[in-house]
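Novice: My structure is below; once you've seen it, I'll send some questions.
The values are calculated or read from the model by the stated rules, or taken from the named source; none is laboratory data. Note that the coordinates shown come from a computational prediction; the quantities given were computed from them, not determined experimentally. Note that each Cβ is placed from the backbone with ideal geometry, even for glycine, and that neighbours are counted across all protein chains shown. Accessible surface is based on the protein model in full, side chains and every heavy atom, while ligands, DNA and RNA are left aside. Shrake-Rupley method; radii C 1.70, N 1.55, O 1.52, S 1.80 Å.
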Amino acid sequence: MQRRLRPPFLSMQVVSSKQEIRNVLDRLRLQGKSIGFVPTMGALHKGHMTLVEQSKANADITVVSIFVNPTQFGPKEDLERYPKPLKEDMRVCEAYGVDILFTPEASEMYPDRQNIGFVIETMTDHLCGQTRPGHFQGVVQIVNKLFNIVEPDVAVFGLKDIQQFRIIERMVEEFDHPIRILPGETVRENDGLAVSSRNLYLTEAERKKAPSLYQAIYHIAKEIEGGNTDLVSMLDEGKALLERSECKIDYLSVVDYQDLQPLPSVQEAEKIIVAGAVFLGKSRLIDNLIVNRNS
Ligand code: AMP
């Protein structure tokens, strides 16, 4: 088997074959090391790096994967133009003390046609699941495969992708993966915009409008925290704010943290997610805030 050459400045191991990463991790497990895992699609930023820090605080060895998973992109989505600055990503991972970077090709992860899929009930009925049909099936497929390859003790996922986070938590429970899932707080720019690889697509003018998504969900979250129960008018105000910034609204919703179903009234849940997605030019941005009503 041909070994991939490692750039001489890296002490981090960069591995692209499933067998090789299994061998490397088996050796480490035999030495009693625990494994932390941060799956990503690359174009790494400070949000990803807080997940790395969390993994390092919770496990001996941190593995980051970079894989732009084709099965979670719809036919009209941005798979082809998704940024792939691999050299810079390697530099960042090295600087943050990542131990192993797993960078498989699509042919390594999907050598054949996949015949077996996943059905996700109710949790994909709303939010991104509604507008990105098949997306979370692709996410569950790849995360399941990565979990079976890396076999981590802990895995860290960002709360920025709250629906993904909740579905992965559920998958681990239902499929009996012996993995602890840790949540990573959303990292934001100074003006509130959630850091995202997709922010790279924004023009200067769009970048100025982008924080309105955070402003809209923040407004609703604060109103709920302050005791406002009039969901319809809160959502209307949030939508008006987005429209003034010329954001095309994909959704703006208030759902129950437990089952991700829209709430008829805020009194019906203790833990609430205020979530939104907008199109700005070529970019689709998502964000959310979690409100604990009784804290
Ligand atoms: P991605 O590369 O977009 O698939 O994201 C990889 C992981 O990073 C996911 O668990 C995301 O939820 C998480 N993530 C993305 N953006 C942020 C952010 N701004 N703050 C914290 N975590 C993030």
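Novice: Can you compute the charge dipole magnitude of the chain about its Cα centre, using +1 on each Lys and Arg Cβ and -1 on each Asp and Glu Cβ, nothing else charged? Give it in debye, rounded to the nearest 20.
Specialist: Magnitude of the dipole: close to 1100 debye.
Novice: Take the solvent-accessible surface of the protein heavy atoms, probe 1.4 Å, and return the percent of it on segment 143-286 that carbon and sulfur atoms account for.
Specialist: 46
Novice: Sort the following peptides by mean Cβ neighbour count (other Cβ atoms within 10 Å, averaged over residues), highest first: 182-191, 92-101.
Specialist: Order by mean packing, descending: 92-101, 182-191.
Novice: In a Gaussian network model over the chain where Cα atoms closer than 10 Å are linked, find which of Ile116, Ile162, Ile142 has the largest mean-square fluctuation.
Specialist: Of the options given, Ile116 has the highest mean-square fluctuation.
Novice: What number comes out for the charge environment of Asp250, summing +1 per Lys or Arg and -1 per Asp or Glu over other residues with Cβ under 10 Å away?
Specialist: Value of the local net charge: +3.
Novice: Separate question: For the charge dipole of the chain, defined by +1 on Lys and Arg C-beta atoms and -1 on Asp and Glu C-beta atoms about the Cα centroid, which residue among Val68, Asn190, Ser283 has the Cα displaced farthest towards the positive pole?
Specialist: The residue sitting most towards the positive pole is Val68.
Novice: Then there is this: What number comes out for the charge environment of Asp112, summing +1 per Lys or Arg and -1 per Asp or Glu over other residues with Cβ under 15 Å away?
Specialist: +1
Novice: Let me ask something additional. Leaving out ligands and nucleic acids, note down the accessible area per residue over segment 174-241 with a 1.4 angstrom probe, in whole Å².
Specialist: 54
Novice: Additional query: Round to the nearest 0.05 the FRET efficiency obtained for Gln258 and Glu108 when R0 = 45 Å and r is the Cβ-Cβ distance.
Specialist: Calculated value: 0.75.
Novice: So for the pair Gln31, Glu80, with labels modelled 7 Å out along Cα→Cβ, what separation do we get in nm?
Specialist: 4.5
Novice: Additional query: Quick one: go through segment 226-244 and flag any residue whose amide nitrogen is under 16 Å from the point 7 Å out along the Cα-to-Cβ line of Ser265.
Specialist: Output list for this probe position: 227-234.
Novice: Let me ask you something else. Roll a 1.4 angstrom probe over the protein heavy atoms and tell me the percent of accessible area of segment 1-139 that is carbon or sulfur.
Specialist: Whole-percent figure for carbon plus sulfur exposure: 51.
Novice: If you don't mind, another one. By DSSP, what percent of the beta bridges with both residues in the chain are antiparallel, rounded to the nearest 5?
Specialist: 50
Novice: Could you give the length gained by full extension between Ile116 and Glu237, i.e. 0.36 nm per residue of separation minus their alpha carbon distance, to one decimal place?
Specialist: 39.2 nm
Novice: Separate question: Compute the accessible area per residue over segment 1-151, keeping the other protein chains in place, probe 1.4 Å, unit Å².
Specialist: That works out to 52 Å² per residue.
Novice: Next up: Using θ = phi - 60° and the Karplus form 6.51 cos²θ - 1.76 cosθ + 1.60, what ³J(HN,Hα) does each residue of segment 107-115 get, whole Hz, x for Gly and Pro?
Specialist: Whole-Hz 3J(HN,Hα) from phi for segment 107-115: 5, 6, 7, 10, x, 10, 4, 8, 9.
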